[in-house]
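Q: Okay, handing you the structure first.
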Amino acid sequence: MTDNSRDIDLEKKIDAYIKGQLPEEEVEQLWVELIKHPEYIGLLQTEIDLSRTYQQQSTTNSYYWKWIASAAAVILLVITINVLSPNKPGPVSMWTQSNINMPENMASAEVTRSATTALDPADSLLNTGFKAALSGQIDKAMNIFQRIVKQYDTTRAVSKAHLNLGILQYNTGAYLKSVDSFNNAISTAGDDSLLIERSYWYLSNAFVNTNQLKQARMAVEQAFSMGDIYKKQSFKLLKRLDYELGNIDFDNFEQQIKETE
C-alpha cells in the first residue's frame with residue numbers, strides 16, 4: 001500500500017476502535033468500510049493481535065475478551081464476504097487507466113499551413129517536449145513542459161503543457177502532482193473543449209488513485225457531461241464511484257453497466 005493509496009480516515013477509525021474510543025454509531029460503518037477496503041483487514045488483525053498479547057499479560061477483564069471475540073468474528077465475516085461474494089465489483093482503481101498512452105493523448109502544437117511560417121517559441125518548445133517524451137526522455141520532457149508553463153501566460157501551448165505534464169506525472173505514479181497539472185490544464189484551456197474533456201477524465205483517474213473519491217466523481221461527471229471521446233469510460237467510472245460512495249446498490253450498478261455493453 002503506497003502513501004497515495006492510503007485511507008488515513010479509515011486508519012484513524014481502526015486505531016480508535018482498538019483503543020475503545022470509536023463511538024458506537026460509527027462501529028457499524030467501520031465494518032462497511034472494511035468490506036470495501038479488504039486491504040485494511042491485515043492492519044486490524046495485527047492491531048488486535050498486539051492488543052490481545054498485551055491484555056493477556058495485564059488483565060482478565062471479561063468485557064475485553066468479549067470485545068476481542070466480537071472483533072475477530074467481524075474480521076472473519078469481512079474476509080468471507082470479500083472472498084466468496086460474487087455481488088461485488090473489483091476495486092475502483094480497476095476502472096481507471098493504469099497507464100496513459102502518450103502518443104494518443106499528449107498534445108503537440110498545431111501544424112501550420114505554410115512551410116515558411118515558423119512556430120512561436122512556446123509551440124516550438126511544446127513539440128520538443130513531445131518528441132522527448134515519446135523517445136523515453138521523460139525528465140527532459142517534464143523540464144520543457146515546466147519551462148513553458150513558467151515562461152508563457154496566454155498561449156494555447158500552456159494548457160497543452162499542463163496536460164502533458166500531468167500525463168507524465170500520472171504514468172510515473174506522481175498522482176497528487178498530476179491532479180494539480182490536470183486542474184491547471186482545465187483552467188487555462190479556454191474554449192478547447194477536447195482538451196478540457198481529456199483533462200477531466202484523467203483528473204478523475206488521478207483522484208481515484210489518491211483515494212479522493214468524491215472529487216473523482218465530480219471530475220468524471222464533468223467528463224461524462226461533455227461526452228465526446230470518453231463518454232462510455234466516464235459513465236462506467238461514474239457508476240462505480242456511485243456504488244463505492246453508497247449512492248446506488250449493487251443490482252442497480254450491475255444493470256447500468258450492462259446497458260453500456
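Read-outs: derived from the displayed coordinates by stated rules, not from any lab. Note that this is a predicted model, so its numbers are computed, not measured. Ideal geometry is used to build each Cβ from the backbone, glycine not excepted, and the neighbour counts take in all protein chains shown.
Q: Could you please rank LEU163, LEU241, LEU10, placing first whichever residue has the fewest other Cβ atoms within 10 Å of its Cβ? Working shown, then result.
A: Values: LEU163 27, LEU241 24, LEU10 19.
Exposure proxy ranking, most exposed first: LEU10, LEU241, LEU163.
Q: At a 10 angstrom cut-off on C-beta neighbours, averaged per residue, how do the peptides 200-213, 219-232 rank from highest to lowest? Write out the running numbers ahead of the final one.
A: Values: 200-213: 24.1, 219-232: 18.3.
By packing density, highest mean first, the sequence is 200-213, 219-232.
Q: In addition: Most exposed first by the Cβ proxy, i.e. fewest other Cβ within 10 Å, how do LEU238, LEU22, LEU245 rank?
A: Details: LEU238 21, LEU22 17, LEU245 14.
Ordered by Cβ neighbours within 10 Å, fewest first: LEU245, LEU22, LEU238.
Q: Testing the spin-label approximation: label points 7 Å from Cα along Cα→Cβ at ILE8 and SER193. State their distance in nm.
A: It is 3.9 nm.
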